[in-house]
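Okay, structure first, notes after.
The values are calculated or read from the model by the stated rules, or taken from the named source; none is laboratory data. Keep in mind it's a predicted model, so treat the numbers as computed, not measured. Virtual Cβ from ideal backbone geometry, glycine too; neighbours counted across all protein chains shown. Areas reflect the complete protein model, heavy atoms only, side chains present, ligands, DNA and RNA absent. Shrake-Rupley method; radii C 1.70, N 1.55, O 1.52, S 1.80 Å.
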Amino acid sequence: MATVLRRGDDDPGGSGRLPAAPVIVALAAVLLVTSVLAAATGAFHIPPADVLAILAAQAGLADASANDARASAVLMQIRLPRVLFAMLAGAALAVSGAVLQGLFRNPLADPALIGISGGAALAAAWAIVLNTRLLPGVSALLGPFSLPVAAFAGALLAAWLVQRLASLDGATSIAVMLLAGIAISALAGAGIGLAAYVASDEQLRNITFWQLGTLSDATWRTLGALAVLAGAATCAGLRLARPLDALALGEAEARHLGVDIEQLKRIGMIAAALAVGTVTAFCGIIGFVALVAPHIVRIACGPAHRLLLPACALAGAILMTLADIVARTVLAPAELPIGVLTAFIGAPFFLLLLLRQRRLWGA
């Protein structure tokens, strides 16, 4: 068993999957190109060469006087924070999805499908309504972290409920997991509707923001908060690679290999809830990135989490950046909510996965 765990990502069986280093390098190169294209694309077009020149000037590697002042302002104040925001959010969602799939040992586990995103959005919606009416001191104390804290609590509660309902004698029922997720999402939808009913006009606009998903709130200030919280959750998820590889063999086998199963579940759930809660707090409900990215990477290079998790971070960042480019251009000058776009892409993908899983349910 130990040999399998050490060599899981080298594909000793010769199944045609790619080795680790080329995959990471290729994904990093694609992410670099995608991020430059995203920074160049928009109502005010900036040629990719100018994007690189402006960034070089900002880093002190080139003369800033040769660059267009308006292009520099648009890039540094609007485009660059949004691109980095999309990358961080996509990486956090993808890693959280891979961690949840590893913990549940089921490829259909996804924060949106099992109610975690709904729980986060519900808590964020009520935080919007209550902070200005009942808890203004808490909002002033936490500043940009007030919504992420509320969303994290909601996501963690939803994750705990799903885990408790779907687990019986150490085994996870995929049918119960999905049904529990449907119930929690429905409950969250009702709670969000009630919050919208009692909200003011401004609060109602903000609640609508959570439901559709958007990156329009990306600023350097919100980027800093996202980087701290989602970055910490992503790093915690990445450190779970080896115990998740052991858990894939089964809980009994993982215990024999020295893995503390209950601690692994707690850390994994908390990390996933923090990542999803933070992204939901700043971006709204963005579904299916956490489902699609791990599957794309798993098909290319196998299930070993030591490669899967870092590759998922890069793949999720690429998917979110590409989705943001489409969201900003397909209905220009209007902007398509990115949560709507990812749902259009991810829902058919999920249906295909369900078709592949029918035999497990005896369908």
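Restricting attention to region 304-338, report how many residues are open to solvent by 40 Å² or more (accessible area, probe 1.4 Å) and in contact with a helix residue (DSSP H, G or I) (Cβ under 9 Å, 6 or more places away or on another chain).
First pass over region 304-338, keeping only residues open to solvent by 40 Å² or more (accessible area, probe 1.4 Å): 306, 310, 319, 322, 326, 329-335.
Add one more test, that the residue is in contact with a helix residue (DSSP H, G or I) (Cβ under 9 Å, 6 or more places away or on another chain), and what stays is 306, 310, 319, 322, 326, 330, 335.
Count: 7.
Checking each residue of region 309-324 against the condition of being charged (D, E, K, R), in contact (Cβ under 8 Å) with a residue 12 or more places away in the chain and in a helix (DSSP H, G or I) gives at least one match.
For A254, the stated conditions do not hold, so it cannot be described as surrounded by fewer than 24 Cβ atoms within 10 Å (Cβ to Cβ), modelled with pLDDT of 90 or more and small (G, A, S).
Among residues of region 190-235 being open to solvent by 60 Å² or more (accessible area, probe 1.4 Å) and of a type in the set (A, V, I, L, M), the one that is farthest from V129 (Cα to Cα) is V228.
Closer than 19 Å to A91 by Cβ and either without any contact (Cβ under 8 Å) to a residue 24 or more places away in the chain or touching a strand residue (DSSP E or B) at 6+ places or on another chain (Cβ under 8 Å) (or both): is that true of V289 in this structure?
Details: closer than 19 Å to A91 by Cβ: yes; either without any contact (Cβ under 8 Å) to a residue 24 or more places away in the chain or touching a strand residue (DSSP E or B) at 6+ places or on another chain (Cβ under 8 Å) (or both): no.
Taking the combined requirement at face value, the residue does not satisfy it.
The residues listed here are L341, L352; of these, the one that is open to solvent by 70 Å² or more (accessible area, probe 1.4 Å) and at pLDDT below 90 is L352.
With respect to the conditions (1) of a type in the set (D, E, K, R); (2) at pLDDT below 80; (3) touching a helix residue (DSSP H, G or I) at 6+ places or on another chain (Cβ under 8 Å), R105 lacks only one, and its number is (2).
Provide a single number: the residues in region 216-254 that are part of a helix (DSSP H, G or I) and either more than 30 Å from R79 (Cα to Cα) or aromatic (F, W, Y) (or both). Steps first, answer last, please.
Taking region 216-254 first, the residues part of a helix (DSSP H, G or I) are 220-238, 241-247, 251-254.
Pick out the ones that are also either more than 30 Å from R79 (Cα to Cα) or aromatic (F, W, Y) (or both) and you get 220, 241-247, 251-254.
Number satisfying all stated conditions: 12.
If we scan region 155-176, do we find a residue that is surrounded by 14 or more Cβ atoms within 10 Å (Cβ to Cβ), among the small types (G, A, S), assigned to a helix (DSSP H, G or I) and at pLDDT below 85? So far as region 155-176 goes, yes, one or more of its residues are surrounded by 14 or more Cβ atoms within 10 Å (Cβ to Cβ), among the small types (G, A, S), assigned to a helix (DSSP H, G or I) and at pLDDT below 85.
Hey, any hits in region 289-303 for a residue that's more than 19 Å from A272 (Cα to Cα), surrounded by fewer than 24 Cβ atoms within 10 Å (Cβ to Cβ), aliphatic (A, V, I, L, M) and at pLDDT 85 or above? Scanning region 289-303, I find at least one residue that is more than 19 Å from A272 (Cα to Cα), surrounded by fewer than 24 Cβ atoms within 10 Å (Cβ to Cβ), aliphatic (A, V, I, L, M) and at pLDDT 85 or above, so the answer is yes.
Could you check region 91-112 and list, in sequence order, the residues that are outside any helix (DSSP H, G or I) and buried (at least 24 other Cβ atoms within 10 Å of the Cβ)?
We begin by selecting, within region 91-112, every residue outside any helix (DSSP H, G or I); these are 105-112.
Within region 91-112, A109, D110, P111, A112 qualify.
Checking A62, A66, A29 one by one, the residue that is modelled with pLDDT of 85 or more and on the phi < 0 side of the Ramachandran plot is A29 and no other.
Against the test of being polar (S, T, N, Q) and either touching a Gly at 6+ places or on another chain (Cβ under 9 Å) or free of Cβ contacts under 8 Å to residues at least 40 places away in the same chain (or both), the options S185, S216 yield a single qualifying residue, S185.
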